[in-house]
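Working notes for the structure below.
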Amino acid sequence: MALYLLFESASGYSLFLAHGIDEIGQSIDAVRESVLDLNRFGKVVRLVAFSPFSSALDALNQCNAISEGIMTDELRNFLELNFPRRKEGKEPKFSLGVAEPKVGSQIFEVTKIPCQSNDFVLEILRGVRLHFDKFIEDLKPNDLEKAQLGLGHSYSRAKVKFNVNRVDNMVIQAIFLLDTLDKDINTFSMRVREWYSWHFPELVKIINDNYLYAKVAMFLEDKSNLSEDHIPQLADIIGDEEKANEILEAARASMGQDLSPIDLINVRQFAQRVIDLSDYRKKLYEYLVTKMNVIAPNLTSLIGEVVGARLISHAGSLSNLAKCPASTLQILGAEKALFRALKTRGNTPKYGLIFHSSFIGRASARNKGRLARYLANKCSIASRIDCFSDMNTTVFGEKLREQVEERLDFYDKGVAPRKNVDVMKSAIEIAQSLAGEDDGEKKGINEPSKKKIKKKKKSKDEAEEIEPLEIRPPDLMDGDASTEPETKTKKKKLKHAEDEDTKTIEAVNGANGDEGNGTSKKKKKHRKSEEGDVERIIEGKKKKKKLKTEGQE
């Protein structure tokens, strides 16, 4: 059996024929040795056909199709033109060696060319790839390298652009930046406190919030300039007039040292930076909330935006999180503790990033592990719904959150929770009803006008039918004159009914003549059978009479 080889290069499709396989043998080791020697390999394999790609874009499209296991029209035409035709009903005397099994299965389904992909074929294709520039005369080695480099760049760029997890990357970057901002704001706030405490040490005990402390430090600057006129502005910043008066009294009796104007300017600028970072942190949190509600609405409604984003970032993407089992999701973020426990044969951790959820904090000490296992189970369900569902709803997340609340009540008070099947059924019904309402709102924009038009048409027709009955001359309403139109209408109805009967009889007899003959034959048979039954009854009565007379004698 002849073995053809399909090789997809950066410059085009090529078809090779391995005609000396018996000389080498089917062993992979022998093929691997013969691949390195061009003289020996050239005797075994020869080029049959070569079809170059028309452009770089065409090469990229063909490469994408091959990587996804799809046979393009160009590849099909290339194979049908260069393969020998086989007779119908006979087995082919050739096969096609392919590097990708998916492409081979599709080629066989469409063209009925038998394909194979094994180690032997892959070794021969490796030799073809090694000596490909020697088989094609007009192709230069530099041209092949340029084509491979350009196709590699465009293919990688296309894969990055059409990345399935590209939306998750925004959430991952946002949560990383949020964590770093929290650390930086805390360190910078402590630096502002320490720096300004040399001038006004009593302010630290009065104001505990870092953001408010930076605002007050930026407003006060020199404590000696503070007076009762500044109390309303201080009260607006702090939100408490008593604290503003307390700051004024503390500034009058402060033990801090005086600072030069240049030092106060630097403190003010640094406090302004801390305030700007805090404002940016609030905006970034709002951005993260909006992105999480779009990407993973059910996970967000179940466990919150920050914890859900941390789970996605730790897993790598939403699809990776959806693939994780509930047991892995439960200890996600506690890998060091897990491996330490496995190494020392101690107790394994009960929770990882899930610990930051409010449910774990509300549970009692003995029920924290049980609730963490249950919450991880619900989080895995929510992540899978968000990843693989087309509906962008929070119904499932809200129902799962209700289940976790019921489980908390069950652990604390002993109230039996609902079954998961019933909860999911109700969630599916609500989601379907919401989807139906959305479709109805989209479709119902034009439907009312059509219904109104139909109603108007019906009302017009009814009015036309009613009008001739209502409008009657007054002479016909009394006496014998009223009987004349009734008799006329009756006669018209009788004639109309007779005409319809004659038409139907003619149509049946004319169009279905054969059927009419069949029915008449059936009627004749039925009559004959009835006559035969009557004769049998009469003969039976005569026999009975004879038997009676013989018995009397």
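The values are calculated or read from the model by the stated rules, or taken from the named source; none is laboratory data. Computed from a predicted model, the values in this text were never measured in an experiment. Glycine also receives a Cβ, built like all others from the backbone with ideal geometry; neighbour counts cover every protein chain displayed. Accessible surface areas use protein heavy atoms only, side chains included; no ligands, DNA or RNA. Shrake-Rupley method; radii C 1.70, N 1.55, O 1.52, S 1.80 Å.
At a glance:
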| read-out | value |
| --- | --- |
| Backbone N under 14 Å from the N64 label point (7 Å along Cα→Cβ), restricted to the range 104-119 | none |
| Nearest-0.05 FRET efficiency for R273 and S224, computed from C-beta distance (R0 25 Å) | 0.50 |
| Directionally averaged projected area (convex hull, Cα atoms, the range 182-224), nm² | 2.8 |
| Viscosity 0.692 mPa s, 37 °C: Kirkwood-radius Stokes-Einstein D of the range 65-117 over Cα pairs, µm²/s | 286 |
| Calculated Rg and Dmax of the range 122-272 using C-alpha coordinates, Å | 32.1, 96 |
| Rh (Kirkwood; distinct C-alpha pairs) - the range 329-384, Å | 11.7 |
| Simple Cβ-charge dipole of the range 122-239, Lys/Arg +1 and Asp/Glu -1, about Cα centre, in debye nearest 20 | 760 |
| Accessible area (Å², 1.4 Å probe, nearest 10) - S433 | 50 |
| Highest-first arrangement of 299-309, 226-236, 124-134, 396-406, where packing means the average Cβ count within 10 Å | 299-309, 396-406, 124-134, 226-236 |
| L57, L144, ranked by accessible area, largest first (probe 1.4 Å) | L57, L144 |
| Scaled radius of gyration (Cα, divided by 2.2 N^0.38 Å) that the range 98-161 gives | 1.42 |
| Contour excess over end-to-end distance, with Cα ends at H153 and N392 and 0.36 nm allotted per residue | 82.5 nm |
| Exposure of H356 as accessible area (Å², to 10), given a probe of 1.4 Å and all protein chains | 110 |
| Cα-derived Rg over Rh, computed across the range 265-378 with Rh taken as Kirkwood radius | 1.11 |
| Given K183/K291; K350/K419; K183/K336; K215/K368; K102/K336; K343/K368, the pairs whose alpha carbons are separated by over 29 Å | K215/K368; K102/K336 |
| Local electrostatic count, A309, Cβ distance below 14 Å [Lys/Arg +1, Asp/Glu -1] | -4 |
| Nearest-0.05 FRET efficiency for I430 and D209, computed from C-beta distance (R0 30 Å) | 0.10 |
| Alpha-carbon centroids, the range 180-251 and the range 292-310: separation in whole Å | 36 |
| Neighbour net charge for S327 - beta-carbon separation under 14 angstrom, K R +1, D E -1 | +4 |
